[in-house]
Amino acid sequence: MGNKRFSEEVLAQLEKLEEKYDAMGQDLSAYLDGLLHSDYLTYWDYIQIDTLLSLQSPRTSFPDEKIFILYHQITELYFKLILNEQEQLILSDETPDREVFLKRINRMNRYFAHLVDSFDVMIEGMDPEQFLNFRMSLLPASGFQSGQFRIIEIGCTDFHLLADINKKEEMASSDSIKEIYDNLYWKQGATELATGKKTLTLRQFEHKYSDEFIQRAEGVKETNLRRLYFKHFEGDAEIIEALRNLDYQANVQWPLMHYKSAVRYLQKDPGVIKATGGTNWQKYLPPRRQQVSYYPELWTAEEIANWGTREKL
Ligand code: HEM
């Protein structure tokens, strides 16, 4: 070419670019013009820092309310990381590769471990006086209404295993996702203490998310993590270990840490200090009550009998 200004490497890249744009009927030169005029990327634009830091809008002037909002947001971002791994497995049409399956479950476990470990930000990190004041301005909103939390559960296991403890056996033989949905454990928990009716918190939650939850449950009937385990990896010791870890973190360790926060702030006088979502939280939140387990076959009878009573595996 006789052009000494560009290295062979750059010329080869230009040729590849031309092939790329030609294939789509596009003019490379126009795109190069665009490149010439575009600004350098900055950290703050790429990470969208200004937007991110503008998403905290306390309802009161108690400074600790910001901690409460931020920690919920941090948790939701971790939930998103967990879903990012889970969905690559359960929404794929391809047979999962063993190493990839293991890697993704272990990544989910790492994220859960961070959530379990950091939950003391809630337990120890707020002034109880302030909490009891600002929470009254948040009624009837509750972390109970976290849609991502439920979507994670749905992807981890067969739907009937999320049924209320008294309905689990009956729901195991149901092939109606809708019927199982009406009997999920968290529906039974969210009833008004006094009247036994669905709480407003639950009704609003259902209104927003029911369609999405049912659609996801239908969509992963054959490809949720439990199905994938039984279809492709049954008996694989390393995968069993990873799934047990996931089950324990999601259904015992995180719920126990979370329960501790309710005890710290709401325990003093249960008659006076009601839960924001109106649940009978002492009966509902301890993991030994509902005994939710995604993979009951991977535990001994004794381990299941003691479900939710030990912090460590
Ligand atoms: C001081 C901190 C917290 C307290 C006192 C607390 C209290 C409660 C209570 C009483 C419930 C039962 C439902 C209700 O009546 O509202 C609940 C449910 C729930 N909260 Fe929290 N919570 C706290 C922090 C969090 C955080 C940071 C998250 C993260 C997203 C969260 C997520 C949830 C979820 C997912 C449920 C439903 C649990 C289930 O169905 O098993 N909570 N919380």
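Laid out as a table, the results:
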read-out	value
ASP64 being of a type outside the set (A, V, I, L, M) and either touching a residue at least 60 places away in the same chain (Cβ under 8 Å) or surrounded by 11 or more Cβ atoms within 10 Å (Cβ to Cβ) (or both)	yes
Among (1) away from the ligand (no atom under 14 Å from the Cβ); (2) at positive phi - the single one GLU218 does not satisfy	(2)
Subset of segment 202-222 [under 19 Å from the mean Cα position of the chain (by Cα) and not hydrophobic (A, V, I, L, M, F, W, C)]	GLU206, LYS208, TYR209, SER210, ASP211, GLU212, GLN215, ARG216, GLU218, GLY219, LYS221
Selection status of ARG216, over 23 Å from GLU303 (Cβ atoms), charged (D, E, K, R) and surrounded by fewer than 18 Cβ atoms within 10 Å (Cβ to Cβ)	no
Condition check for VAL116: of a type in the set (Val, Ile, Thr), modelled with pLDDT of 95 or more and either within 16 Å of the ligand (Cβ to nearest atom) or buried (at least 16 other Cβ atoms within 10 Å of the Cβ) (or both)	yes
Within segment 51-74, tally of residues that are more than 23 Å from the chain's Cα centre (by Cα) and outside any loop (DSSP other than H, G, I, E, B)	1
Check on ASP164, within 29 Å of ARG226 (Cα to Cα) and away from the ligand (no atom under 13 Å from the Cβ)	no
Flag if LYS80 is farther than 19 Å from MET257 by Cα and within 14 Å of the ligand (Cβ to nearest atom)	yes
Matching residues in segment 119-137 - criterion: being aliphatic (A, V, I, L, M), more than 21 Å from GLU311 (Cβ to Cβ) and buried (at least 19 other Cβ atoms within 10 Å of the Cβ)	MET126
Residues located in segment 284-297, provided they are part of a helix (DSSP H, G or I), more than 9 Å from the ligand (Cβ to nearest atom) and either free of Cβ contacts under 8 Å to residues at least 24 places away in the same chain or buried (at least 19 other Cβ atoms within 10 Å of the Cβ) (or both)	ARG288, GLU297
Residue within segment 123-143 that is near the ligand (Cβ under 10 Å from one of its atoms) and in contact with a Leu (Cβ under 6 Å, 6 or more places away or on another chain) present	yes
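Condition check ((1) of a type in the set (Val, Ile, Thr); (2) within 15 Å of the ligand (Cβ to nearest atom); (3) surrounded by 15 or more Cβ atoms within 10 Å (Cβ to Cβ); (4) over 21 Å from the mean Cα position of the chain (by Cα)) across all residues:
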position	(1), (2), (3), (4)
PRO96	no, no, yes, yes
ILE105	yes, no, yes, no
ILE151	yes, yes, yes, no
ASP175	no, no, no, yes
GLY189	no, yes, yes, no
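The rows are residues; the columns are (1) of a type in the set (Asp, Glu); (2) more than 14 Å from the ligand (Cβ to nearest atom).
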| position | (1), (2) |
| --- | --- |
| LEU35 | no, yes |
| GLN48 | no, yes |
| LEU70 | no, no |
| GLU76 | yes, no |
| LEU91 | no, yes |
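The values are calculated or read from the model by the stated rules, or taken from the named source; none is laboratory data. Small disclaimer: the values here were computed from a predicted structure and weren't measured. Note: ideal-geometry Cβ built from the backbone for every residue, glycine included; neighbour counts use all protein chains shown.
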